[in-house]
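Novice: Below you will find the structure I want to go over with you.
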Amino acid sequence: MRDYTLVYARSGNSLRAAIALELCQLNFKRCEISVSDGDQKSSSFLKLNPAGYVPVLIIKDNNTEIALSQSGAIMDFLLSEYRSDLIPTNTIERAKCYSHFYASISDIAIQNALARYLHHHEESSNFIFQRMLNVLLAEFSSLQSGEYLCGDKVSIADYAHFPIVYMREDQLREMSDAQHILDWLNRMKEDPAIIRSIEYAGIQL
Ligand SMILES: N[C@@H](CCC(=O)N[C@@H](CS)C(=O)NCC(=O)O)C(=O)O
């Protein structure tokens, strides 16, 4: 019998991990920390993740305990284990789906964070934000052929993308070419797992 604890803050990457846990309908403990108070730099947290980032999923399995960092790894682990219906079985379909998944947790998430961290440097922040939007628009161009990123069925790719689209909803509303992304966002917001996770880990900018 495994025991799970999510160490998280109100943040996009934490929301991704929370969504994965909620999708699996697992009983898990929640441990919220405050990034603005610097809790992620405390010695107890650094023992879990020496990089000092949330989220961390603590997995206790019999006598072993693993602290798993990286929201993408947490989501991939949990959905592979408990919700493999959200991951295509066909290897080509799966590769296409993971291309979206990795874009969300690498290119988009990193540029989203940098645009936030550099808000005192308006020009640099806007430059990075525009680059992030370009990737986002490219990612969601596939929505023209279906309701979700990998076709007509929701998948791990949609759940991985949700946090940053949700976070940036107001900015997307100001754009003339993002209505299809907002429509997707509204569909995703009806998902019970997303509703539950937003309650404790959600953040909009
Ligand atoms: N690639 C990591 C990024 C984690 C990350 O950047 N976490 C942020 C919150 S969203 C954090 O802990 N920041 C603390 C800090 O910058 O000191 C993931 O997906 O989990």
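The values are calculated or read from the model by the stated rules, or taken from the named source; none is laboratory data. As the structure is a prediction and not an experimental result, all values here were calculated from the model. Positions of Cβ are backbone-derived with ideal geometry, glycine not excepted, and every protein chain shown enters the neighbour counts. Surface areas here come from the heavy atoms of the whole protein model, side chains and all, with no ligands, DNA or RNA. Shrake-Rupley method; radii C 1.70, N 1.55, O 1.52, S 1.80 Å.
Novice: Can you name the residue in the range 87-102 that is among the hydrophobic types (A, V, I, L, M, F, W, C) and under 15 Å from residue 148 (Cβ atoms) and is also nearest to the chain's Cα centre (by Cα) among such residues?
Specialist: 101
Novice: Right, another one. If you scan the range 76-96, which residues turn out to be part of a loop (DSSP other than H, G, I, E, B) and basic (Lys, Arg)?
Specialist: 83
Novice: Exactly one condition in (1) farther than 25 Å from residue 165 by Cβ; (2) assigned to a loop (DSSP other than H, G, I, E, B) is false for residue 10; which is it?
Specialist: (1)
Novice: Still on this model: Kindly indicate whether residue 100 is part of a loop (DSSP other than H, G, I, E, B) and in the same structural domain as residue 139 (by TED's automatic domain parsing).
Specialist: Answer is no for this residue.
Novice: Sticking with this structure for a sec: Can you say whether residue 80 is within 14 Å of the ligand (Cβ to nearest atom) and open to solvent by less than 80 Å² (accessible area, probe 1.4 Å), as far as the supplied structure shows?
Specialist: no
Novice: Next question, about the same structure. State whether the residues of the range 84-92 include one that is among the acidic types (Asp, Glu) and free of Cβ contacts under 8 Å to residues at least 40 places away in the same chain.
Specialist: yes
Novice: Next question. Got a sec? Which of 139, 174 is more than 18 Å from residue 74 (Cα to Cα), open to solvent by 60 Å² or more (accessible area, probe 1.4 Å), not hydroxyl-bearing (Ser, Thr, Tyr) and not assigned by TED's automatic domain parsing to the domain that holds residue 70?
Specialist: 174
Novice: Please determine whether any residue of the range 99-106 is within 16 Å of the ligand (Cβ to nearest atom), on the phi < 0 side of the Ramachandran plot and among the β-branched types (Val, Ile, Thr).
Specialist: Among the residues of the range 99-106, at least one is within 16 Å of the ligand (Cβ to nearest atom), on the phi < 0 side of the Ramachandran plot and among the β-branched types (Val, Ile, Thr), which makes the answer yes.
Novice: Which of the residues that make up the range 14-41 are open to solvent by 30 Å² or more (accessible area, probe 1.4 Å) and under 20 Å from residue 154 (Cβ atoms)?
Specialist: 25, 26
Novice: I would also like to ask the following. From the list 113, 67, 73, which one is open to solvent by 20 Å² or more (accessible area, probe 1.4 Å), part of a helix (DSSP H, G or I), within 16 Å of the ligand (Cβ to nearest atom) and not assigned by TED's automatic domain parsing to the domain that holds residue 162?
Specialist: 73
Novice: Can I ask one more? Is it the case that some residue within the range 148-161 is away from the ligand (no atom under 16 Å from the Cβ), open to solvent by 10 Å² or more (accessible area, probe 1.4 Å), over 19 Å from residue 11 (Cβ atoms) and among the small types (Gly, Ala, Ser)?
Specialist: yes
For (1) at pLDDT below 95; (2) within 19 Å of the chain's Cα centre (by Cα); (3) of a type in the set (A, V, I, L, M), each residue gets a yes or a no:
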position: 120; (1), (2), (3): yes, no, no
position: 139; (1), (2), (3): no, yes, no
position: 153; (1), (2), (3): yes, yes, no
position: 157; (1), (2), (3): no, yes, yes
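Novice: Would you check which residues across the range 40-64 are within 12 Å of the ligand (Cβ to nearest atom) and either farther than 18 Å from residue 117 by Cα or assigned to a loop (DSSP other than H, G, I, E, B) (or both) and list them?
Specialist: 42, 45, 46, 48, 49, 51, 52, 53, 54, 55, 56, 57
Novice: I've got another one for you. Looking at 181, 164, which one is surrounded by 19 or more Cβ atoms within 10 Å (Cβ to Cβ), within 26 Å of residue 95 (Cβ to Cβ) and touching a Gly at 6+ places or on another chain (Cβ under 6 Å)?
Specialist: One residue alone meets the criteria, 164.
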